[in-house]
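Below is one structure, written out as structure tokens; the observations come after it.
The values are calculated or read from the model by the stated rules, or taken from the named source; none is laboratory data. Computed from a predicted structure; not experimentally measured. All Cβ positions, glycine included, derive from the backbone under ideal geometry; neighbour counts span all protein chains shown. Note: accessible area is taken over every heavy atom of the protein model, side chains too, but ligands, DNA and RNA are not part of it. Shrake-Rupley method; radii C 1.70, N 1.55, O 1.52, S 1.80 Å.
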Amino acid sequence: MIGQHNQDDRSVDRAASRSMLFGGAELRGYAVPNRSLGPRNNLAAGRTRLANRLLQVLLLVVLLFSEVSAAAQPRLPVRMRLEPLSIRGRSGSPIAVRIKLEYNAAQMLQGDLVLEIYNSFYSKGDLMATIRYDGIVLQGTDYIFNTVLPPIEHSYQKQYLIVGWYETDTQRIPLTADPELIDPPEPHEILSIGSYERATLICSVSGHSDYQKASHNRLFLNKALSLDNYSPVPDSRKSQRRSGPGSLESQKVHNYSVSWDVFNLPEDPLHLCCFDIVLLADGALSRLEELQLKALTTWVEAGGSLCVLADDNRLTGQHVQFLQAMFRTDESPDLHFALADDNTLLVICDEYEPVINRYCGLGRITLLPNVTDMSARLTGAELGGVVGHLWKLRSDSPVFQGQKWQPRDLKSLLQQRGYEQKQDSNGFYAEPKGGAQRLNNRRQRFKKLDELAMHFDLSYELQPKGSPLASVSETALLPEGVEMVPTYVIAMLLIAYVVTIGPVDYLVLGYFKARKYTWLLFPLVTAAFTALTVSIAHRYMASTDTGGAISIVDVTDDGRPVRRTDLQMHFYASQTTLSEAVSQSFVVPGQMLIATNMRYGGPQGPRATSTGVHYSGRFPQAYNIEHDLRQWEPQLVRSMTLAPESGDVLQIPWNDASLVTTDAGRQELLQHLQNAAPDGASVAAIVLHKDKRFTVGGGGFLFSPSVIKRGENWVEADVRMRRYERTPGPELKAIGLLESACRTGTRDFFSLVSQVSPQGSASLEDLPIMDPTDANQWLLMVAVKGIANHTTVYRRLYRVNDSPENTAL
């Protein structure tokens with residue numbers, strides 16, 4: 001009994017020691033052997049004790065190793081949290097993010113925040129941009145700020161990877177998303193829009209502290225203002241999703257809505273380019289500060305869309321003045337705003353609780369009445385009218401009647417291009433009208449109608465596509481005298497090289513009985529032909545000029561510029577790094593279109609022409625930008641500025657619409673242009689109205705009928721025939737400018753809308769400003785040819801009711 005009690009006590013002690021050793025955790029399966037079970041059982045019990053001891057030692061080693069590793073792991077002094085301010089962005093726009101740098105030490109730390117943006121994969125080849133925020137000081141608290149990522153190319157995997165660093169004079173701290181992964185750091189992930197998606201974004205702003213809890217009216221508007229409510233394509237989430245051209249995903253508008261506190265609404269209009277529409281509701285208008293009101297005004301005049309629900313009772317005089325300026329009440333005698341005694345908005349007009357849609361510069365603005373139930377007040381055609389107005393839909397869209405839009409008919413579009421759609425036993429084909437033959441569009445048969453549409457780049461696809469101006473800029477803006485090495489020259493060099501190292505080497509060295517020198521002659525001949533090839537390439541492609549530029553300035557009242565877009569071509573004979581200082585602008589590398597033919601080259605895809613761009617400073621307010629340019633690679637750079645300076649705008653009567661709507665007015669306009677033209681500069685002008693073109697004084701150097709016709713012929717010519725013709729730089733520039741100002745004859749997103757809110761992307765999708773189906777719209781384009789192949793184009797959009805018809809070009 002005593003021995004048994006001692007044995008039990010030892011078992012209890014061992015169990016207690018194991019429990020203490022492993023933090024009180026119960027170790028199951030470690031039974032205490034019974035010593036009175038015989039020799040065989042005692043041998044098994046000894047083996048069990050040995051295995052238990054070995055397992056305990058192994059667990060101790062693992063425990064000690066993990067504690068040593070944790071002690072050796074350096075604690076990062078700075079952590080970063082990167083939070084996108086919307087679940088998804090809009091197509092081609094900047095991305096709004098909130099950056100939080102966590103730092104709790106009392107010692108002051110000064111350095112730069114560096115963000116590396118990768119396209120889907122963390123590799124050097126996928127690095128798209130690097131942003132350096134200079135002079136960030138940390139001391140004892142978190143550093144939080146809102147910013148935007150530049151409108152760079154779309155992600156092909158619907159995500160961006162962002163790697164952050166905090167760099168001081170002595171160290172480079174990785175701002176990893178996972179503290180246990182430092183070398184290399186774990187990237188932060190941000191969801192983005194795919195290349196074959198059309199996404200839109202509404203910013204729903206609330207003045208309440210609990211801004212995520214929307215009122216009934218704001219919740220209704222968040223959904224009712226969505227453009228995809230009128231899409232004829234079924235919801236892709238309920239169908240089999242397939243990415244790529246012609247897929248269901250590319251035929252639908254994906255709308256997203258984000259709720260913001262009014263205090264987060266930016267004071268920089270460039271930040272508002274993240275959105276298609278800004279909705280002010282739940283008392284948001286009365287909470288806006290002066291700088292926020294100014295930013296909204298600048299953004300709307302540059303092409304943005306603003307919807308205001310005046311449900312405020314804390315309005316002040318500056319908010320009423322803001323609405324009066326936006327709705328142009330000084331030019332509308334039937335509309336006036338005033339401040340009521342209870343600090344609410346008083347709308348004075350002929351209607352009771354009206355829905356007011358107005359134009360403001362290039363943008364749109366809508367005022368909704370303060371009613372109890374907006375879902376009962378705004379229905380049917382009236383709701384469709386608000387949606388069509390804010391989304392800048394073409395005036396013939398069924399959405400204005402509250403109906404779904406329909407894809408444009410392929411047959412009618414082919415007829416506009418001079419073809420007849422036909423079908424025989426072999427399939428579908430397009431025959432030129434009048435029996436004309438076009439080498440690039442012979443009677444090729446297609447089994448499906450969609451394949452015929454794709455051949456003419458008329459597939460019904462809503463994803464972002466490059467502007468016609470982007471597709472011609474690589475040719476039109478190249479330095480004069482620069483051309484690609486002809487194919488026959490390359491072929492002659494190749495044949496000569498093969499003959500020299502083959503028959504010539506064999507026969508000549510054989511004649512002198514010196515074939516043992518073949519291995520010496522071969523590298524010498526190769527080096528000689530390499531030097532000759534480089535010399536010929538320099539002769540064709542070298543130039544002291546680095547490329548041309550196009551500046552597009554959109555003006556409104558009195559010639560006041562509201563937006564400026566600059567396209568600059570950089571073409572260098574050697575690899576170099578280009579640096580420039582920028583302020584209040586988006587600057588992004590351009591994209592060329594991979595297409596053998598601008599219009600009929602089949603499906604087109606963007607080709608990025610940059611290995612990465614580097615921003616340093618305070619993006620996008622004031623910063624330096626650096627481009628790494630390769631030798632002989634044309635690099636197009638696009639910049640966009642809102643509310644630019646107006647020093648260089650031509651001084652002509654920009655407010656006089658009669659100068660563009662009548663023949664006599666255009667003759668008078670010609671005199672104004674000649675008087676206002678700078679010394680030594682050439683001026684050209686044209687007026688667009690619906691599907692007509694009116695030249696001013698013959699069109700000048702750029703818009704004359706002969707120039708436009710040569711450009712159209714070159715665009716429609718077979719790519720095999722172009723090699724024998726001179727590349728028409730001015731002609732292509734004219735075609736690109738005209739088709740980028742007013743998009744017609746397409747089945748893409750611009751078959752639904754006439755323009756989009758400003759975005760600053762490389763695709764130049766925000767350049768179109770005219771609706772070709774609106775009989776009240778007239779567009780004046782004035783081109784001024786400066787020095788060094790720099791052309792500035794001023795555009796003024798007029799809206800004239802009951803405008804007369806004229807003889808067109």
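Pairs linking a residue in region 210-225 that is in contact (Cβ under 8 Å) with a residue 60 or more places away in the chain to a residue that is surrounded by fewer than 19 Cβ atoms within 10 Å (Cβ to Cβ), with Cβ atoms under 6 Å and 6 or more positions apart or on different chains, are Tyr211/Asp261; Phe220/Ser375.
To keep it simple, each residue is scored yes or no on (1) of a type outside the set (Phe, Trp, Tyr); (2) modelled with pLDDT of 85 or more.
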{"site": "Trp519", "(1), (2)": "no, no"}
{"site": "Phe529", "(1), (2)": "no, yes"}
{"site": "Ser543", "(1), (2)": "yes, no"}
{"site": "Gly547", "(1), (2)": "yes, no"}
{"site": "Val553", "(1), (2)": "yes, yes"}
{"site": "Thr556", "(1), (2)": "yes, yes"}
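One residue stands out in region 384-401 among those that are surrounded by fewer than 20 Cβ atoms within 10 Å (Cβ to Cβ) and among the polar types (S, T, N, Q): the one that is nearest to Ile769 (Cα to Cα), namely Ser395.
Would you confirm, using the coordinates I've provided, whether Thr147 is assigned to a loop (DSSP other than H, G, I, E, B), polar (S, T, N, Q) and either farther than 29 Å from Gly194 by Cβ or in contact (Cβ under 8 Å) with a residue 60 or more places away in the chain (or both)? The answer is no for Thr147.
Within region 157-202, restricting attention to residues that are within 21 Å of the chain's Cα centre (by Cα), open to solvent by 50 Å² or more (accessible area, probe 1.4 Å) and under 14 Å from Leu82 (Cα atoms), which residue is modelled with the highest pLDDT? Top of the filtered list is Glu189. None of Pro464, Pro479 is buried (at least 17 other Cβ atoms within 10 Å of the Cβ) and at pLDDT 85 or above except Pro464. Residue pairs whose Cβ atoms lie under 6 Å apart, separated by 6 or more positions or on different chains, with the first residue in region 472-501 and small (Gly, Ala, Ser) and the second assigned to a helix (DSSP H, G or I), are Ala476/Gly729; Ala476/Leu732; Ala476/Lys733.
Residue by residue, here is whether (1) modelled with pLDDT of 50 or more; (2) within 17 Å of the chain's Cα centre (by Cα) holds:
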{"position": "Tyr600", "(1), (2)": "no, no"}
{"position": "Gly605", "(1), (2)": "no, yes"}
{"position": "Thr609", "(1), (2)": "no, yes"}
{"position": "Val613", "(1), (2)": "yes, yes"}
{"position": "Arg630", "(1), (2)": "yes, no"}
{"position": "Val637", "(1), (2)": "yes, yes"}
{"position": "Met640", "(1), (2)": "yes, yes"}
{"position": "Ala643", "(1), (2)": "yes, no"}
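For region 644-657, the set of residues classified as among the hydrophobic types (A, V, I, L, M, F, W, C) and surrounded by fewer than 19 Cβ atoms within 10 Å (Cβ to Cβ) consists of Ala657 only. Candidates are the residues of region 563-581 that are open to solvent by less than 70 Å² (accessible area, probe 1.4 Å) and among the hydrophobic types (A, V, I, L, M, F, W, C); the one that is nearest to Ala622 (Cα to Cα) is Leu578.
Within region 506-562, the set of residues being open to solvent by 50 Å² or more (accessible area, probe 1.4 Å), under 46 Å from the mean Cα position of the chain (by Cα) and among the β-branched types (Val, Ile, Thr) comprises Thr530, Thr533, Val534, Thr544. Of the residues making up region 155-178, just one is in a strand (DSSP E or B) and without any contact (Cβ under 8 Å) to a residue 12 or more places away in the chain, namely Arg172. Any residue at all in region 397-407 that's among the aliphatic types (A, V, I, L, M) and at pLDDT below 95? No, region 397-407 contains no residue that is among the aliphatic types (A, V, I, L, M) and at pLDDT below 95. Scanning region 347-379 for residues that are under 24 Å from Ile277 (Cα atoms), open to solvent by 30 Å² or more (accessible area, probe 1.4 Å) and in a strand (DSSP E or B) gives Val347, Asn357, Arg358, Tyr359. Considering region 658-769, the qualifying helices (runs of 4 or more DSSP H), each wholly inside and each with 2 or more residues that are open to solvent by less than 10 Å² (accessible area, probe 1.4 Å) and either closer than 17 Å to Ile550 by Cα or not basic (Lys, Arg) (or both), run over 658-661, 663-676, 700-703, 705-716, 729-741. If you go through region 436-443 one residue at a time, do you hit one that is modelled with pLDDT under 85, small (Gly, Ala, Ser) and open to solvent by 50 Å² or more (accessible area, probe 1.4 Å)? Taking every residue of region 436-443 in turn, none turns out to be modelled with pLDDT under 85, small (Gly, Ala, Ser) and open to solvent by 50 Å² or more (accessible area, probe 1.4 Å).
Working carefully through the options Ile152, Ile131, find the one that is assigned to a loop (DSSP other than H, G, I, E, B), touching a residue at least 60 places away in the same chain (Cβ under 8 Å) and among the hydrophobic types (A, V, I, L, M, F, W, C). First the steps, then the outcome.
Details: Ile131 fails: assigned to a loop (DSSP other than H, G, I, E, B).
So the residue among Ile152, Ile131 that is assigned to a loop (DSSP other than H, G, I, E, B), touching a residue at least 60 places away in the same chain (Cβ under 8 Å) and among the hydrophobic types (A, V, I, L, M, F, W, C) is Ile152.
The strands (runs of 3 or more DSSP E) found wholly in region 240-341 and carrying at least 2 residues that are closer than 30 Å to Lys448 by Cβ occupy 253-261. Screening Thr130 against (1) touching a His at 6+ places or on another chain (Cβ under 7 Å); (2) open to solvent by 50 Å² or more (accessible area, probe 1.4 Å) leaves a single unmet condition, (2).
Condition check ((1) at pLDDT below 95; (2) open to solvent by 10 Å² or more (accessible area, probe 1.4 Å); (3) at positive phi) across all residues:
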| position | (1), (2), (3) |
| --- | --- |
| Arg237 | yes, yes, no |
| Gln240 | yes, yes, no |
| Gly244 | yes, no, yes |
| Leu248 | yes, yes, no |
| Asn255 | yes, yes, no |
| Pro269 | no, yes, no |
| Leu272 | no, no, no |
| Ile277 | no, no, no |
| Thr298 | no, yes, no |
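Looking only at region 203-232, residues that are open to solvent by less than 20 Å² (accessible area, probe 1.4 Å), part of a loop (DSSP other than H, G, I, E, B) and within 24 Å of Ser91 (Cα to Cα) come to 3 in all. The set of residues in region 625-650 that are within 18 Å of Pro94 (Cβ to Cβ) and in a strand (DSSP E or B) comprises Ile625, Val637, Arg638, Ser639, Met640, Thr641, Leu642. Can you find even one residue in region 346-366 that is in contact (Cβ under 8 Å) with a residue 60 or more places away in the chain and more than 29 Å from the chain's Cα centre (by Cα)? Scanning region 346-366 turns up no residue that is in contact (Cβ under 8 Å) with a residue 60 or more places away in the chain and more than 29 Å from the chain's Cα centre (by Cα).
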